[in-house]
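S.K.: Mind looking over this structure? Questions follow.
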Amino acid sequence: MSEGGIVEGVRIDVVRLHETWMELVFPRQRTAVHQVLGKWKPRTSGDRIKYRAWAALGAPIVALLYPLLLVGFAVRFNAKRFDSASTRLGVVGVLLLTTLLWGGLTALAHVRLEFDGFLAVGAASAVAVLSAGLAALFSRVGGRGTTVLFAYPFAMNAVFLPPVVAALYDPSLSGVLERSETLAIFLLDNVLSVYGIEAYLRSNFSLEGIAVVLMWVGIATPLGWFLGLVVTLADAVRPRAAGGAEESVEAAD
């Protein structure tokens with residue numbers, strides 16, 4: 001894409017994002033040029049003051065949301081690939097594929113690890129397979145809310161859980177544990193240092209064994225919600241056409 005095309009695409013996305021903000025309070029703001037009634041405009045002095053104040057309030061919010069919108073576009077592109085693959089495979093196919101993947105890890109654990117490690121990796125792999133199946137199922141039932149609330153977190157747990165458990169028992173994967181400890185310290189010092197949460201966790205838990213697994217479950221679940229929300233934002237600003245493709249730039253202007 002040329003530089004002019006990129007600039008035009010950014011302009012249209014920013015305009016759409018701001019129109020979406022405006023439509024939270026005022027009617028017929030998003031791409032209303034294509035509607036019979038046209039874009040709603042304030043008529044009284046009071047309406048104009050409220051309209052301009054809401055528009056000004058939205059400007060910094062749009063500036064903060066735009067990077068998340070770009071993340072949403074990237075995540076949506078890859079999520080679409082997964083969704084297309086899972087649609088072709090079906091829930092049963094997803095279960096079989098993840099069973100093959102994490103079953104291979106379990107077989108490797110049987111060769112490399114003691115029985116306790118093998119058993120733990122096998123249990124984590126079973127949970128991951130179930131999570132993948134639930135993610136595929138929830139992406140097909142319900143609506144956007146169900147997908148964000150359940151499908152994305154289950155998918156993240158299906159990805160994270162077996163490697164983390166394997167790292168608990170395999171010395172060659174000790175880097176995972178070291179990075180987990182670094183991440184845990186960062187989260188405790190910067191994110192959870194409110195309402196005594198950090199002090200409670202430090203005094204009651206140590207980062208070993210099941211605590212590492214629970215930590216990654218605690219990260220994977222809100223990460224799934226975050227990714228689902230940024231994809232929802234991307235869908236709101238640049239909806240996909242019936243065939244799954246994004247609306248064209250020309251149609252948006």
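The values are calculated or read from the model by the stated rules, or taken from the named source; none is laboratory data. Computed from a predicted structure; not experimentally measured. Every residue, glycine among them, receives a Cβ derived from its backbone with ideal geometry; neighbour counts consider all protein chains shown.
S.K.: Might you check whether a residue that is buried (at least 17 other Cβ atoms within 10 Å of the Cβ), in a helix (DSSP H, G or I), on the phi < 0 side of the Ramachandran plot and at pLDDT below 85 occurs anywhere in the stretch 97-118?
M.R.: Applying the first criterion (buried (at least 17 other Cβ atoms within 10 Å of the Cβ)) to the stretch 97-118 yields 98-99, 102, 105-106, 109, 113, 117-118.
Now drop any that are not in a helix (DSSP H, G or I), which leaves 98-99, 102, 105-106, 109, 117-118.
Next, from what is left, pick out any that are on the phi < 0 side of the Ramachandran plot: 98-99, 102, 105-106, 109, 117-118.
Cutting the leftovers down to at pLDDT below 85 gives us 117.
So far as the stretch 97-118 goes, yes, one or more of its residues are buried (at least 17 other Cβ atoms within 10 Å of the Cβ), in a helix (DSSP H, G or I), on the phi < 0 side of the Ramachandran plot and at pLDDT below 85.
S.K.: Out of the stretch 180-223, which residues are polar (S, T, N, Q) and either in a loop (DSSP other than H, G, I, E, B) or surrounded by 12 or more Cβ atoms within 10 Å (Cβ to Cβ) (or both)?
M.R.: Initially, the stretch 180-223 is screened for residues polar (S, T, N, Q), giving 180, 182, 190, 193, 203-204, 206, 221.
Correct list: Ser180, Ser193, Ser206, Thr221.
S.K.: Return a yes/no flag: does the stretch 183-195 have any residue that is acidic (Asp, Glu) and either at pLDDT below 80 or under 30 Å from Val10 (Cβ atoms) (or both). First the steps, then the outcome.
M.R.: Narrowing the stretch 183-195 to residues acidic (Asp, Glu): 189.
Still in the running and either at pLDDT below 80 or under 30 Å from Val10 (Cβ atoms) (or both): none.
No, the stretch 183-195 contains no residue that is acidic (Asp, Glu) and either at pLDDT below 80 or under 30 Å from Val10 (Cβ atoms) (or both).
S.K.: Is one or more of the residues making up the stretch 158-167 touching a Pro at 6+ places or on another chain (Cβ under 6 Å), touching a residue at least 40 places away in the same chain (Cβ under 8 Å) and assigned to a helix (DSSP H, G or I)?
M.R.: No, the stretch 158-167 contains no residue that is touching a Pro at 6+ places or on another chain (Cβ under 6 Å), touching a residue at least 40 places away in the same chain (Cβ under 8 Å) and assigned to a helix (DSSP H, G or I).
S.K.: What's the number of the condition Ala158 fails, among (1) more than 24 Å from the chain's Cα centre (by Cα); (2) under 29 Å from Ser86 (Cβ atoms); (3) modelled with pLDDT of 80 or more?
M.R.: (1)
S.K.: Related question: Tell me, please, whether a residue that is in contact with a helix residue (DSSP H, G or I) (Cβ under 7 Å, 6 or more places away or on another chain), over 30 Å from Asp13 (Cα atoms) and either of a type outside the set (D, E, K, R) or modelled with pLDDT of 90 or more (or both) can be found in the stretch 79-89. I'd like the intermediate steps shown before the answer.
M.R.: From the stretch 79-89, those in contact with a helix residue (DSSP H, G or I) (Cβ under 7 Å, 6 or more places away or on another chain) are 79, 86, 89; that's our starting set.
Next, only the ones that are over 30 Å from Asp13 (Cα atoms) stay: 89.
Then keep just the ones that are either of a type outside the set (D, E, K, R) or modelled with pLDDT of 90 or more (or both); that gives 89.
Yes - at least one qualifying residue is present in the stretch 79-89.
S.K.: Where the second residue is at pLDDT below 80 and the first is assigned to a helix (DSSP H, G or I) and lies in the stretch 83-95, which pairs have Cβ atoms under 9 Å and are six or more apart or on separate chains?
M.R.: From the stretch 83-95, the pairs are Asp83/Gly244; Ser84/Gly244; Gly93/Ala85; Gly93/Ser86; Val94/Ala85; Val94/Ser86.
Each row is one residue, and each column tells you yes or no for (1) farther than 18 Å from His18 by Cβ; (2) crowded, with 16+ Cβ neighbours inside 10 Å.
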| site | (1), (2) |
| --- | --- |
| Ala56 | no, no |
| Ile61 | no, no |
| Leu64 | no, no |
| Pro67 | no, no |
| Phe73 | no, yes |
| Ala79 | yes, yes |
| Ser84 | yes, no |
| Thr87 | yes, no |
| Val92 | yes, no |
